[in-house]
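Since the structure comes first, as structure tokens, the remarks are kept for the end.
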Amino acid sequence: MLFEPLGGGWVAFSSLSGESHLLNAESVAVVETLDLLQPRTAEEVTELLAADSGIPAAELTEKLADAWSMLLQAGLIREQNATACLQI
Amino acid sequence: MPSDRGLLTLGQAGLQQISNALRGDGLWLDVGVARMRVRSDEPSLAAQLQAVYQNFPLQTSSDWADLHIDLRRQSGLRRWLAPQVRFFCDGQVPFDPFPADAALPLLEWGANWLIGRRCNHLLLLHSGVVERQGLALVMPALPGSGKSTLTAALALRGWRLLSDEFGAYDPGEGVFRPALKPVGLKNQSIDVIRAFSPDAQLGPSFPKTRKGTVAHLAPDANAVMRVHETARPGAVLLPRWQAGSATQLLPVQPQMAFSTLAFNAFNYQVLGAVGFEAVVSLTQRCPVWQLIYSDLDDALARIEALWPDVLAREAA
């Protein structure tokens, strides 16, 4: 998957689907965390990002809610046995 | 004046010479991104080509052509009453026949279709492109948005025409390549350009085509002479002609510009990651505006006024 910053957001290209997507920073953070650190659950993703950014986990959970649904809807990630898995 | 290759231009040549080439080995037309070899037995085509390719060299032999196009009269009884012409390329007939006296529109649409299908080493935006001081002004748009009218008007005011149909972006070199063909004008835009520039070199009008009446503006000698000269991306303008509107030049945010360009490109999906990177690169390098206009002179004045900023941005 390719990511490029553009204006205040990001654009992404999935070589799997051949589709391009406009993403916000939260979505890119989720995808990058899944890719690099391979956490098993959404809670783990939130904890890792909270530790990295200094933002409280509770606040991040709220911020990431839209990102999860956006990424799932775009087919960039998929749920697997109730755990998140990067779709690349 | 002979062309830069020392050949007569089509405008200087006699009709018989053009006709002989079409009936013989062919007429080669180098449009930059492709070299076309055109052959035809349709008698009316020679004069039509002479009008709209008048500044192209009369080249009657070459060792290479990218597109081999034959326009052939239909045989059969109907040829006496309603003669038709067919478009052949590499032995295939991709389109329905046209009336024989509308051979030029068939050639132009067919050639564009072939370029759009075959030039997948380039990102092909559906766009007019003109150049000044080395930088390209790229005008992607949907049909009916006034793209060709604006492109023609800019070309008639001294901007170098690269293309009316293709923003042919070379992702490897980061430049636009000319796809230099006559500017296709439709319906009211023909009269608009005639009024805008009474000296404009317009070819014959073809009424009742599937797009209405069409006529073509011949690329000028400077554009033809520089048909292999590329241009760096300068700015992107998304034109929209709107009856009665005041001229508006509105900045477009990069993410919206990205979506617009990706959607506009003929072969974005075909190119995959290369297309993605190319559109990102264009969006990062170029300021993008939407131009809403109804008054052509006013629109051109606004474009002229913003160009120093485009040059300064590029220099920086």
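Between B:VAL175 and B:SER294, the contour length at 0.36 nm per residue exceeds the alpha carbon distance by 39.8 nm.
Averaging 1/r over each pair of different alpha-carbon atoms in region B:4-140 and inverting the result gives 16.0 Å, the Kirkwood hydrodynamic radius. Taking label points 7 Å from Cα along the Cα-to-Cβ direction, B:ARG72 and A:LEU2 give a separation of 4.2 nm.
Taking a straight Cα-Cα cut-off under 26 Å and skipping sequence neighbours fewer than 8 places away in the same chain, the lysines within cross-link reach of B:LYS208 are B:LYS147, B:LYS181, B:LYS186. Taking chain B as a Gaussian network of alpha-carbon nodes connected by springs under 10 Å, the highest mean-square fluctuation of the residues B:ASP101, B:ASP199, B:ASP63 belongs to B:ASP63. Mind giving me the nanometre distance, one decimal, between the label points for A:ALA25 and B:HIS121, set 7 Å out from Cα along Cα→Cβ? In this crude spin-label approximation the distance works out to 4.2 nm.
Where the alpha-carbon atoms of chain B are placed on the principal axes, they occupy 60, 41, 38 Å, in descending order. For the segment B:280-293, counting C-beta atoms of other chains within 10 Å of every residue's C-beta and taking the mean gives 1.
Dipole of the protein assembly as shown computed with +1 at Lys/Arg Cβ and -1 at Asp/Glu Cβ about the Cα centre; of B:TYR169, A:HIS21, B:LEU180, farthest Cα towards the positive end is B:LEU180. Modelled this way, with points 7 Å down the Cα-to-C-beta line, the labels at B:ASP41 and B:ARG285 are 4.7 nm from one another. Strictly greater than 23 Å: what percent of every Cα pair in region B:169-311 meets that? Of all Cα-Cα pairs in region B:169-311, 51 percent lie more than 23 Å apart. Here B:GLN133 and B:GLN242 are evaluated by their C-beta separation; at R0 = 35 Å the FRET efficiency comes out at 0.75.
Taken over the C-alpha atoms, the protein assembly as shown has Rg and Dmax values of 25.2, 84 angstrom. Across the options B:VAL93, B:ILE18, B:PRO105, the greatest Cα extent toward the positive end of the charge dipole of region B:15-118 (unit charges at beta carbon of Lys, Arg, Asp, Glu) belongs to B:VAL93. Counting Cβ atoms of other protein chains within 10 Å of each residue's Cβ and taking the mean over peptide A:4-11 gives 6.
Take each residue of peptide B:262-272, count the partner chain Cβ atoms within 10 Å of its Cβ, and average: the result is 1. Here, chain A yields an orientationally averaged convex hull projection of 5.4 nm² when only Cα atoms define the hull. At an R0 of 45 angstrom, the distance between the Cβ atoms of B:TRP113 and A:ASP35 translates into a FRET efficiency of 0.65. When the helices of chain B are scored as -39500 (n - 2.57) per DSSP H run of n ≥ 4 and the total is divided over every residue, the value at 222 nm lands at -10000 deg cm²/dmol.
The alpha-carbon atoms of region B:92-140, seen along their principal axes, cover 42, 25, 15 angstrom, with the largest extent given first.
FYI, it's all coordinate maths here, none of it is from the lab. No experiment lies behind these values; they were computed from the predicted model shown. All Cβ positions, glycine included, derive from the backbone under ideal geometry; neighbour counts span all protein chains shown.
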